[in-house]
Amino acid sequence: MTPKERQREILNHLEKRLYMSVEELAKAVYASEPTIRRDLIQMEREGLIKKKRGGAAFISQEKIKLPFGFRSHANIDKKNYLASLAAAYVEEGDCIFMDGSSTCYCLARHLAEYSSLRVLTNGIPALQLMGNYGNILADCVCGTYHSDRVSIYGHEACEYIAKHHARTCFISCCGVDLKQGVMEYLPEDAALKRAFHEHSDRTILLADSSKMNQMSYYGVMPLKELSAIVTDQPLPEEMNEFCIEHQIEVVY
């Protein structure tokens with residue numbers, strides 16, 4: 001097991017238990033206690049956990065933005081499920097926007113079967129994947145590269161998006177609130193997803209049930225402007241009634 005793989009395992013255990021001692025983590029991932037201590041020091045530097053009382057505590061994902069390497073392995077079954085449902089909104093010959101989230105990366109894996117698509121994304125892993133298909137013309141926004149998220153952001157990226165148009169936009173989020181709408185933790189994420197939304201005919205939100213009725217810091221768009229929500233469980237009752245009233249399709 002590589003250090004990064006071990007740290008992902010540590011993060012998965014902490015997410016379930018919220019706090020674990022060094023001794024408990026060592027037993028859980030079959031590593032020595034000195035190794036775990038070194039991992040925890042590195043993970044705290046990266047803002048993934050908080051060291052305390054001879055162990056470590058989990059930091060909610062609503063309070064941090066995990067590096068892509070960690071997000072791409074977290075809740076992978078749910079993400080693949082959402083991606084399989086979202087692929088039904090893609091048609092041959094489509095021009096689509098896709099954000100740089102790990103969920104949209106899973107969606108990119110479902111696009112190999114299409115023979116003619118054009119996709120604009122800010123996510124480098126999805127861009128590389130689709131570039132290997134041969135049947136997709138994959139474009140990348142211009143802007144500032146963020147290595148921890150393996151994506152492109154910035155004012156230039158939003159300006160680049162504004163010069164293009166898509167039939168369908170696929171985005172994920174940190175939280176969905178009935179009053180505040182679709183939300184993100186970082187301003188650059190919110191700005192880029194807002195630009196994708198504003199320059200597409202319809203926006204499809206991919207968000208599992210853990211994101212519902214969750215607040216974050218930056219608004220992306222009002223809930224009523226969504227065309228569809230792709231999730232894994234029925235929505236909370238009040239949110240579902242809102243979607244019915246505003247003709248937002250809900251798929252799970």
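The values are calculated or read from the model by the stated rules, or taken from the named source; none is laboratory data. In this text, all values refer to a predicted model and were calculated from it rather than measured experimentally. All Cβ positions, even for glycine, are placed from backbone atoms using ideal geometry, and neighbour counts span all protein chains on display. Just so you know, the surface numbers come from the protein's heavy atoms only, side chains and all, with ligands and any DNA or RNA stripped out. Shrake-Rupley method; radii C 1.70, N 1.55, O 1.52, S 1.80 Å.
Annotations
- All positions within segment 80-102 that are surrounded by fewer than 23 Cβ atoms within 10 Å (Cβ to Cβ) and assigned to a strand (DSSP E or B): 95
- Annotation: of all residues in segment 215-234 being over 12 Å from residue 181 (Cβ atoms) and in contact (Cβ under 8 Å) with a residue 24 or more places away in the chain, the one that is most open to solvent (accessible area, probe 1.4 Å) is 217.
- Condition met for residue 105 (modelled with pLDDT of 85 or more, surrounded by 17 or more Cβ atoms within 10 Å (Cβ to Cβ) and not small (Gly, Ala, Ser)): yes
- Entirely in segment 121-168, the strands (runs of 3 or more DSSP E) that have 2 or more residues that are open to solvent by 20 Å² or more (accessible area, probe 1.4 Å): 136-140, 144-146
- Within this structure, residue 62 fails the test of being assigned to a loop (DSSP other than H, G, I, E, B) and modelled with pLDDT of 90 or more.
- Of all residues in segment 17-32, those being at pLDDT 85 or above and either within 30 Å of residue 105 (Cα to Cα) or surrounded by 14 or more Cβ atoms within 10 Å (Cβ to Cβ) (or both) number 10.
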